[in-house]
Amino acid sequence: MTTNLVDQPVGHVADPADRERPTVAQFLRAFARVGGLMATVALVMVVFAAASDGLFLYPDNLLGLLRYMSTIAIIGLGLTVVLVVGEIDLSFANLYGLSAMSMAVAWINWGWPLWVAILVALAVAVLVGAFNAFFTSVVGIPSFIATLGSSTLIFGFTLLFSGAQRFAPAAPPPGRTMDAGEVEFFRGLSNQSLPFGVPMQVLWMIVIALLFWLLLSRSLFGFRLKAIGGNPVAARFARLPVRRYKFWAFCIAGLSAAVAALLDFSFIGSIQPDAGQALLFPTFAAVVIGGASLQGGRGSVAGTLLGALLLAVIANGLALLAAGSFAQQMFLGVVTIGAVVLDQLTRNWRRDR
Amino acid sequence: MTAVPGPDGVVIEGLVKRYGDTVALAGLNLAARSGEILGIAGPNGAGKSTLVKVLAGEVTPDAGTITVQGRPWSPQLGASRIAIVHQEPQLFPNLTVAENLLAGREGSRGGRPRLAPADVDMLRETDLLPFADHLLGDLPLALQQRTEIARALVRNADVFLFDEPNSALTEDESAELFARMHTIADSGRVVFLVTHRLAELAAHADRVAMIVDGSCAMVLAPPELTEERIARELVVGRAAVTRDDRADSRRDAVPLLALTGWTHHRAKFVDVTMQLGRGDIVAVVGVEGSGGRELVRSVAGFERTHGDATLAGRPVRSGGDVAFVAADRADSLFDNLSVGENLYIRQGPAIRRRLGLLKRSAATRLARQARSDFLVKTASLDTPIRALSGGNQQKVAIAAALALAPPVVVLEEPTRGVDISSKAEIYRLLRGFADAGGAVLLYCTEDSEVFDVADRAVVISAGRVAGELDCTEFSDAEMLAERIALLTAAIPVVGGSTHQSTGDAA
C-alpha cells in the first residue's frame, strides 16, 4: 500500500538529517507526569519514615506495601485500558468479588477441579465485560451508568449464589475433603516468597505490567485504542473498529480484576463477597493520578504503576500511624477528587498551549 | 403591537471579527431603516453567520459599533430588543406554548406565573391561542417558530432577525411566515432576513445587502433588486484559485460508482441517480439543509438509505471501497496523536506485525511518504497535530485518507477555513488522486471550490437533484456560480417537500 498517487513534488527530497527526534521540550512534557509522581512518592515516603520513627522503612512493611500495590496495579492496568478508550468501569470492584467467589464455590463447594474453577472465574469476568460493553456501545448507555448498574447487579448475584458466606480452602464445608495438592498449588500461586522475601504477587504484577505495556504502547490495538478514546467521531469516520475495541477493553478490565482477585484469594486464603469493594476508590484514584484521562485517549502503564505505588504508600503509612479507618476513608475521598481535578487542570493546560 | 421604535433603525459601523488568522468580518458597514425588511445575501463564509451571532450577542466583535434605535448595542439591549428567529426554534420543548411565552418574565414573586391580558392578546394575534396549553415539542415547526416570534413581540423587541427561517417549512407555512414578517416591518420594526433563497429575497425584501468577504459589497434596491442580479453580484469579485488544466483530465471516465434510486431513510434526499467514473471529481453542490451533505455521507456509508449503490458493477462495501473525510477538522483529526500518527492511523495490515504489534518502521515510512507527497509543513512527525496551521492540518486529514488508496474518496468541504495556498495544493492532490484512477466525490457549499476542482457539479436543492453541470464548459467561476444559483432557485423553494418536512419533524 503505497502513496504514490501523486507525482513526487520537485525539490522535496527526503533530508537525511530530517530525523524524527523528539525535542527536549517534548521529552520533558512526557516525563513531567512520571517524574512528578516519582518525586511525590519519594517525598511521601520520607514524611512517613520520619513520622513513624523509621518503622515505615522496615523491610517487612515495605514488602507488604508492595503486595498491596500489586493488587491495585493489576486491577488498575485493566481500568487504564477502559479509560484510554474513553469509557469508565465502576464494576471491577464487585467483579473482583464475583469472580473469586464463583471460583471458590465451584472448587470448594461443588468439588470441581481447580483449573476448571479458575477458568470459570475468568469466564465470568469476560462475561461481565461483554455485558458492560453491550450496554455501553450497542445500547448506548453512558458507561458510568451501565457499569454502576452492572456493579450492583453482580454484587447481588454474588450474595445470592454464595449464600453470603466466606470461603476458605482450608475450611471446606462439612463432609468435603479438599485435594491437598490442589490446595497447596493454589496457595503457591501467590502466597510464597521469592528471594529477599519479595511476595510472589509482585512478580505477577511485573509480568502483567509488561503485557499491558506491549498492548498499550507497542501494539496496533493500543495505538487505535488511544485514537478511539481521543476522538470517537473521527475514529468512526476513519472506520476504526470502535465497538469491537470497546468490547475488548471492557473484557480486559474484567479479566484483570479477576486475576487480582484470584491472587489475593490465594494469598489471604479466604474470600468473601464484598472483598473487592474497598479497592474501588484506591484503584480509581491510582489510575487517574497516573495520568489516564477521564476524557479518554491518554493513559500509560508507567503512570498507573506509580499511581498504585503512591496509593499503597499512603494507605500503608496512614495505617502505620494508626490514623484509623475513618481518616483513611476521608483521605481517599480527597485523593480521588484531587486526582480528577488534576486531570482537568492538565487537560486545560494542554489545550491552552 | 405597541412598539414605538425611534427613527434610527440599526446602524452597524466598522464591524471587525477575526478567528485566528481568518477574518470573518472586515469592517462591515450596514444600516437598516425602521419599517423595512433588509435582506442579507452572500456566499458561504462571507460573514453572514458571524454577523447574526454578533447581533445576537453570542460573539463579541473585535472592533466596530452597533447602534439600535439610537442606543449603543449592549448585551442587555441585545437580549431584550433584538429577536433572532432561527430555523430550529431555540425554546423549551417540554413547556406549553403559554409557558414558553412567559419563561424568563415570571417575576420574582414566586408562585406559578399567569398570562397577563397582554399575553392573551398576543396569543390571539399570532393565532396561537388554541395551542396555548399544548406542549411546544408536540407542535409542528411552524407553530414553534411562531411561538418564538410571539415571545419576541410580547417583550417588545424592535429588531427581528430571521436566519434561514423557512428552510424546513411547507409552502403554506412559509407564506404565512412572510406575511407575518411584513406585518412586523409595517409596525415600524427593523427586520433582517438572512437566506440562501434568492427568489424570496427578491420577493420579500425591500433592499438586499450583499456581504462578500466580511464587508458589505453593495446594497441592491428596486428596480435592480431581482433574483438574477443577486445571483450575479454574489459571485463578482471572487478570485479564482489557479485553475488546473482540466482539458487533459480524462473525459472518457469509466463508470465506477453508480447510484440508482438512492433515497435517504428520512427523505433528506430522494431518488438520486448519479454516476462517478475513474478519474472523475464530482461536486455535490447545495446549501446547508439541501440534503447534499447527507448524500455524500451516505455514499461513505454513514447514513441509512434505500436504493442501489454499485462499484464497478457489484454492491459497494462502504468499509473498504470508500474513505471519508469530514468537513470539520475536529471530526477528522486526533488531537491526542502526533502528526505522523494522524497520517497512518487509518492504516491496517500495512502497519501490523506478528502478534498484532505495531510495525513502527513501516508506519514511519508511510507517514514520511505521505508528508512529502502531500507537502505537509511540519517540524517533525512527532509534532502534536494541534501545532500545525489549519491548512496543514487539513492536508494531514486528507492525506491520511488518500494514502489508503481506496477506489473512491468522499470529502466534505475539503478546503473550508483553509488559506489560499493550501487550497490550491489540496486541489492539486485531489486531481492527482483522480488521475491515478480514483474517483472523488465532494460536498461543496462554495461555488468557487466547485469551479476550481470539480469536473462536474450535481446541484442539489430540497433533497432533489436540480441539475448537473459540466464545469469544464464554464470559462470563469462567476458564470458557473450564476448557473448554480439559478438551478438552486429553480426548484420550488418551499413546495414539493411537504412530505419531507413532516418526516423531519417526526
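The values are calculated or read from the model by the stated rules, or taken from the named source; none is laboratory data. Model, not experiment: these values are computed from the prediction. Reconstructed Cβ throughout: ideal geometry from the backbone, glycine too, with neighbour counts over all protein chains shown.
Details
- Annotation: of all residues in segment B:378-394 being modelled with pLDDT under 85 and either surrounded by fewer than 20 Cβ atoms within 10 Å (Cβ to Cβ) or within 8 Å of chain A (Cβ to nearest Cβ) (or both), the one that is farthest from the chain's Cα centre (by Cα) is B:Ala379.
- All of (1) surrounded by fewer than 24 Cβ atoms within 10 Å (Cβ to Cβ); (2) in a helix (DSSP H, G or I) hold for A:Ala258 with one exception: (1).
- Matching entry among B:Ala462, B:Ala397 (being buried (at least 19 other Cβ atoms within 10 Å of the Cβ), touching a Ser or Thr at 6+ places or on another chain (Cβ under 7 Å) and within 14 Å of chain A (Cβ to nearest Cβ)): B:Ala397
- One residue stands out among those in segment B:268-282 that are buried (at least 18 other Cβ atoms within 10 Å of the Cβ) and farther than 15 Å from B:Ala457 by Cα: the one that is farthest from the chain's Cα centre (by Cα), which is B:Arg278.
- Of the criteria (1) part of a helix (DSSP H, G or I); (2) more than 10 Å from every other protein chain (Cβ to nearest Cβ); (3) of a type in the set (A, V, I, L, M, F, W, C), which one B:Val418 fails: (1)
- Search result, residues across segment B:356-377 that are more than 8 Å from every other protein chain (Cβ to nearest Cβ) and part of a helix (DSSP H, G or I): B:Arg360, B:Ser361, B:Ala362, B:Ala363, B:Arg365, B:Ala367, B:Arg371
- Number of positions in segment B:438-481 that are modelled with pLDDT of 85 or more and either hydroxyl-bearing (Ser, Thr, Tyr) or assigned to a strand (DSSP E or B) (or both): 19
- Within the set A:Leu57, A:Leu37, the sole residue that is modelled with pLDDT under 90, more than 24 Å from A:Lys246 (Cα to Cα) and either in contact with a His (Cβ under 8 Å, 6 or more places away or on another chain) or hydrophobic (A, V, I, L, M, F, W, C) (or both) turns out to be A:Leu37.
- Checked against (1) at pLDDT below 95; (2) over 17 Å from A:Val287 (Cα atoms); (3) of a type in the set (Gly, Ala, Ser), A:Ser217 passes all but condition (2).
- Scoring A:Thr336 on the criteria (1) assigned to a helix (DSSP H, G or I); (2) farther than 29 Å from A:Tyr245 by Cα leaves a single failure, condition (2).
- Residue match in segment A:204-220 (condition: closer than 30 Å to B:Arg297 by Cα and either touching a helix residue (DSSP H, G or I) at 6+ places or on another chain (Cβ under 9 Å) or of a type in the set (Lys, Arg) (or both)): yes
- Residues (surrounded by fewer than 24 Cβ atoms within 10 Å (Cβ to Cβ) and charged (D, E, K, R)) located in segment B:432-448: B:Asp435, B:Glu446
- Comparison of A:Leu203, A:Leu215 shows that the only residue that is closer than 20 Å to A:Val301 by Cα and within 14 Å of another protein chain (Cβ to nearest Cβ) is A:Leu215.
- Qualifying residue in segment B:400-415 (condition: free of Cβ contacts under 8 Å to residues at least 40 places away in the same chain, within 14 Å of another protein chain (Cβ to nearest Cβ) and not in a strand (DSSP E or B)): yes
- Check on B:Ala330, under 28 Å from B:Val450 (Cα atoms), buried (at least 23 other Cβ atoms within 10 Å of the Cβ) and within 9 Å of chain A (Cβ to nearest Cβ): no
- If you go through segment B:333-355 and keep only what is within 7 Å of chain A (Cβ to nearest Cβ) and of a type in the set (A, V, I, L, M), you end up with B:Leu333, B:Leu337, B:Ile345, B:Ala350, B:Ile351.
- Residues of segment B:137-175 satisfying the condition of being in a helix (DSSP H, G or I) and either among the polar types (S, T, N, Q) or at pLDDT 90 or above (or both): B:Gln144, B:Gln145, B:Thr147, B:Ser174
- Failed item, numbered, when A:Ser293 is tested on (1) surrounded by fewer than 19 Cβ atoms within 10 Å (Cβ to Cβ); (2) hydroxyl-bearing (Ser, Thr, Tyr); (3) touching an Asp or Glu at 6+ places or on another chain (Cβ under 8 Å): (1)
- Any hit, segment B:208-223, residues being within 20 Å of B:Leu51 (Cβ to Cβ), buried (at least 22 other Cβ atoms within 10 Å of the Cβ) and of a type in the set (D, E, K, R): no
- Qualifying residue in segment B:180-200 (condition: more than 30 Å from B:Gly42 (Cβ to Cβ), in a helix (DSSP H, G or I) and of a type in the set (A, V, I, L, M, F, W, C)): no
- Qualifying residues in segment A:233-267 (those that are at the interface with another protein chain (Cβ under 10 Å from one of its Cβ atoms) and of a type outside the set (A, V, I, L, M)) - the one nearest to B:Glu412 (Cα to Cα): A:Phe237
- Selection of segment B:283-339 for residues being of a type in the set (Val, Ile, Thr) and assigned to a loop (DSSP other than H, G, I, E, B) yields B:Val287, B:Val316.
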